[in-house]
């Protein structure tokens, strides 16, 4: 009776031109069945469970959304094809939100294991796209497509089957111009571009992502750019491996803007952090640290790249056979030129190498030889400490200054900027996997000596924050307050939290910090930090 009543409502709303909500499995047992019955403007709301099927949006402007989130709502492609397909000119109002998308399988030259976008521009948000396989684009393949890909985890996907298989996490090809922002892209594998591959004529905007621990069997562990013109901003590219070129980022025949990135702990024989060939990248506000190369530069390697600008950037603790922080080489017909402006290079000019007789040139204005004093780069924390020489030592350029840093803090809190991807600013964050019984580090950047630190958690997040004299308060009651001492002299407060067993997969507990005593003019409320339980 419930199904019949729901269907009658759907039919009535369709007849009157109003939007409907279709429930799975109450109205239809399968997601595809609900999509088939939907009309533009409808919402398909899916209850927790595992749905073994391969779905196609059929060009419909609908929202496909899980009721309880991706950890408990799974679309399993059963290795019988791409799990989710957009290929009929879907636009931004075609939305998939809140699923685990897994077990998609396309072999050899075929694109898209988890999601395939072709001739489409959908919105892909708040999903876990994991353990999919394809010849190209193990997680997501975008061919002649411009989706918005935001707030997803794209992990443990594989592109394989050909010598030139590419894009373990995401492949962009043939006029693909997506917006890729605020994703975690980690543990993906491919011969080319373990995390992201940018192919011919692709011009993506890549911003605020964490691209971590990907593996490229040939070129570009984290990101490979070929014949493309991407805009790349505010990313963390950490722990990627490339067996040939560019552990973190590889640019070939591209002219990207590479801005606000943390490029750390990447590994490649050539260009551990960044490798650029025949490209004209614009580098600004990057932190390139802890990268390694066996044959070339650990930090930045350029060949045949003309008129490169590197500004407000940190190169630190990179190791390699040549450079090791920066290495330039080329020929009379294919030379490299880079101009560095307000750059910290640990080791200074002794860590920069230009190949003899290569017709390459490097100039600098304000290259500082200093340890940038990062918080804990060996363990993935690239925030500035209070005494870092990068603080308030950057320049304000007429073009290209990103108005926020890599994690969304204001880039210009006063009249100057910091060098690197991080702006020293009150910020609450956590490091580690949020799994019950797991230990994670909760950290806070703040003014040394200011106390005490109060970590606040609430039952939820306010729809509209509450303005206070110390900033916006985001939490809904009831709240709990945990009081600690002042911020240490290095400006980084830290404590270890054991994730409670009462936290369930899919929970998202919110936190804020109050730094200082209420009423003190220096006291401030931190950003809103939301954890997501795995």
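Residues that are free of Cβ contacts under 8 Å to residues at least 12 places away in the same chain, surrounded by fewer than 22 Cβ atoms within 10 Å (Cβ to Cβ) and either over 30 Å from residue 151 (Cβ atoms) or touching a helix residue (DSSP H, G or I) at 6+ places or on another chain (Cβ under 6 Å) (or both) do not occur anywhere in segment 387-395. Just one residue in the set 132, 177 is out of contact with any strand residue (DSSP E or B) (no Cβ under 6 Å at 6 or more places or on another chain) and surrounded by 24 or more Cβ atoms within 10 Å (Cβ to Cβ); that residue is 132. If you check residue 183 against the conditions, is it buried (at least 19 other Cβ atoms within 10 Å of the Cβ) and over 29 Å from residue 33 (Cα atoms)? So residue 183 passes the test. Under the condition of being surrounded by fewer than 12 Cβ atoms within 10 Å (Cβ to Cβ), touching a residue at least 40 places away in the same chain (Cβ under 8 Å) and part of a strand (DSSP E or B), the residues counted in segment 482-508 number 2. When segment 348-369 is filtered for residues that are loosely packed, with under 15 Cβ neighbours inside 10 Å and either assigned to a strand (DSSP E or B) or touching a strand residue (DSSP E or B) at 6+ places or on another chain (Cβ under 6 Å) (or both), the ones remaining, listed by number, are 361, 363, 365. Beta carbons closer than 9 Å, at least 6 apart along the sequence or on distinct chains, pair a first residue in segment 95-115 that is in contact (Cβ under 8 Å) with a residue 60 or more places away in the chain with a second that is crowded, with 22+ Cβ neighbours inside 10 Å and outside any strand (DSSP E or B) for 111/82; 111/135; 111/137; 111/167. With the structure loaded, tell me whether residue 475 is farther than 20 Å from residue 210 by Cα and either at pLDDT below 95 or touching a strand residue (DSSP E or B) at 6+ places or on another chain (Cβ under 7 Å) (or both) or whether it fails that test. When the stated conditions are applied, residue 475 passes them. Taken over segment 112-127, the criterion of being surrounded by fewer than 24 Cβ atoms within 10 Å (Cβ to Cβ) and in a strand (DSSP E or B) is satisfied by 118, 123, 125.
For segment 86-94, the condition of being crowded, with 17+ Cβ neighbours inside 10 Å, free of Cβ contacts under 8 Å to residues at least 60 places away in the same chain and assigned to a strand (DSSP E or B) holds for none of the residues. Checking each residue in segment 265-292 for being within 17 Å of residue 343 (Cβ to Cβ) and in a strand (DSSP E or B) picks out 274, 276, 282, 283, 284, 287, 288, 289. Checking each residue in segment 232-280 for being surrounded by fewer than 24 Cβ atoms within 10 Å (Cβ to Cβ) and modelled with pLDDT of 65 or more picks out 239, 252, 253, 255, 257, 267, 269, 278, 280.
This table checks each residue for (1) part of a loop (DSSP other than H, G, I, E, B); (2) over 20 Å from the mean Cα position of the chain (by Cα); (3) modelled with pLDDT under 95.
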residue: 422; (1), (2), (3): yes, no, yes
residue: 425; (1), (2), (3): yes, yes, yes
residue: 428; (1), (2), (3): no, no, no
residue: 434; (1), (2), (3): yes, no, yes
residue: 444; (1), (2), (3): no, yes, no
residue: 447; (1), (2), (3): yes, yes, yes
residue: 463; (1), (2), (3): no, yes, yes
residue: 466; (1), (2), (3): no, yes, no
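Against the numbered list (1) out of contact with any helix residue (DSSP H, G or I) (no Cβ under 7 Å at 6 or more places or on another chain); (2) under 30 Å from residue 330 (Cα atoms), residue 367 comes up short only at (1). Residues in segment 318-339 that are surrounded by fewer than 24 Cβ atoms within 10 Å (Cβ to Cβ) and touching a residue at least 12 places away in the same chain (Cβ under 8 Å): 319, 321, 322, 329, 330, 331, 332, 334, 335, 337, 339.
The values are calculated or read from the model by the stated rules, or taken from the named source; none is laboratory data. Since this is a predicted model, take the numbers as computed values, not measurements. Note that we place each Cβ from the backbone using ideal geometry, even for glycine, and neighbour counts take in every protein chain shown.
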